[in-house]
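First the structure, in the form of structure tokens, and then the observations on it.
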Amino acid sequence: MIIAPAERNDLAKLLAFREEAANWLRRLGSDQWSRPYPAEKLLTTIEAGTVFMLRDGHVTAGTITLTLDAEEGLWTPAELAEPSMFINKLTVSRDYAGRDLGGRLLDWAGDRAYRAGAQWLRLDAWTTNHGLQRYYLSHGFEHVRTVREGVAVNGGPRVSGWLAQRAARPADHGFADHTPEPDRLPTAGPDRAA
């Protein structure tokens, strides 16, 4: 399998992935991803080069977003000063379920974060999705805290505030990596204290 940056023409596939995942989660009794995701916002992340596609030949098996940006109001200024990368929208096609592709995508993200100079690979998960939280814990993440107060970036109530992290580290994820070498993380900036 090959991991490569998403392209503009992947937008429809990514939206369909999200809908497939939302339907599956709904059948499990979760309200995660029950609101449609704005296509224009997803296109912006594709164009920023932070969305990656896992391809099995001509079939898309999964996707992950890996960014320098944390959702506002979740992480403390001290945590944001630590070199970190953030996972979003990890999704695996139901046709590929049970093969731990999600775990391998997490390993790929941790490896990429490590090569970029990050100390931490971080994420926020749906606050009420305890199965997802257990999944991340089983893949080496440690729960930091749960943030329930505040308003999410999209203007709705905070629903994805279960915060976890694990050390960024080299990993043998087993994918053919067709992504460009990551840029080194800034050591100081508006979101990172010197």
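Nothing in this text is a laboratory measurement; each read-out follows from the coordinates by a stated rule. Quick caveat, the model's predicted, so the values are computed rather than measured. Note that each Cβ is placed from the backbone with ideal geometry, even for glycine, and that neighbours are counted across all protein chains shown.
Could you tally the net charge around Pro170, taking each other residue with its Cβ under 11 Å from the Cβ of Pro170, Lys/Arg +1 and Asp/Glu -1? Please report the intermediate quantities before stating the final value.
Working: positive: Arg112, Arg115, Arg169; negative: Asp107, Asp111, Asp172.
Its environment carries a net charge of 0.
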_Residues Val59, Val92, Val144 arranged by fewest to most Cβ contacts within 10 Å_ = Val59, Val144, Val92
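For the stretch 55-104, run through the trypsin sites (Lys or Arg not before Pro) and keep only the ones in DSSP coil with at most 15 other Cβ atoms within 10 Å of their Cβ. Numbers along the way, then the final one.
Details: sites: Arg55, Lys89, Arg94, Arg99, Arg104; in loops: Arg99.
Passing both the DSSP loop test and the Cβ count: Arg99.
Specify, per residue and in Å³, the volume enclosed by the convex hull of the alpha carbon atoms belonging to the stretch 41-189.
Numbers: hull volume 18.8 nm³, N = 149.
Enclosed volume per residue, from the Cα hull, is 126 Å³.
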*Between the DSSP loop rule and a limit of at most 12 other Cβ atoms within 10 Å, which GluC sites (Glu not before Pro) in the stretch 50-88 are left?*
Glu72
